[in-house]
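See structure below.
The values are calculated or read from the model by the stated rules, or taken from the named source; none is laboratory data. For clarity, every value in this text was computed on a predicted model and none was experimentally measured. Every residue, glycine among them, receives a Cβ derived from its backbone with ideal geometry; neighbour counts consider all protein chains shown. Protein only, heavy atoms only, side chains kept; ligands, DNA and RNA dropped before computing areas. Shrake-Rupley method; radii C 1.70, N 1.55, O 1.52, S 1.80 Å.
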Amino acid sequence: MRRPLIILILISLLFSCKKEEKKNTELIMYKQSEMAALMNTMYHVNLDLKEKILKGQIPDSFPERYLKIHTATLTDSTDRTSSFKQFSNLYIQNMKKVYTSSKDSLTTNFNQAVNSCIACHQTTCTGPIPRIKKLLIK
Ligand code: HEC
């Protein structure tokens with residue numbers, strides 16, 4: 001008697017979760033700057049990548065959307081200084097290296113890329129640094 005009801009509830013939960021997710025991202029995109037949204041994407045993609053590396057998997061291909069770091073609008077447009085541009089280039093360069101890495105140097109290269117997130121943050125926006133440090137593979 002009860003089983004079908006539970007299944008029904010589970011199914012409806014599944015669907016409502018998906019709807020929630022969509023609503024949330026729309027809300028975030030609306031409120032945040034393009035750069036903040038990109039940063040959050042990079043954070044989550046790298047969290048997944050860390051887990052993949054820890055499981056011994058090889059990353060797929062460099063996410064081209066990271067290149068938006070050169071053009072995305074910032075909350076404070078004066079942040080895009082010449083040093084910001086240098087840090088973006090360094091970051092992109094190190095990130096690309098991760099995706100062409102041999103299995104042996106994957107962890108080192110990944111940590112180097114994460115350290116270039118941190119390096120830029122030390123000059124622009126220090127708040128998220130403790131969060132970014134959690135990406136490092138120890
Ligand atoms: C070239 C400099 C630079 C690099 C490289 C960089 N960031 Fe950022 N990050 C910023 C700036 C500037 C902001 C503030 C963006 C804004 O508010 O428009 C930011 C914001 C953030 C935020 C907060 C977003 C929010 O919701 O407000 C997170 C999280 C973050 N970065 C994580 C990362 C991660 C993870 C990496 C590397 C994978 C990274 N950042 C690489 C400069 C950088």
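Here are the numbers for the structure shown:
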| quantity | calculated |
| --- | --- |
| Ranked order, H44, H70, H121 - accessible area, probe 1.4 Å, largest first | H44, H70, H121 |
| Descending semi-axes in Å of the range 33-133, equivalent ellipsoid built from Cα gyration tensor | 24, 13, 13 |
| The range 33-133, relative contact order in percent, only Cα pairs under 8 angstrom and at least six apart counted | 27 |
| Spin-label model distance (nm) - S77 vs I58, 7 Å beyond Cα toward Cβ | 4.4 |
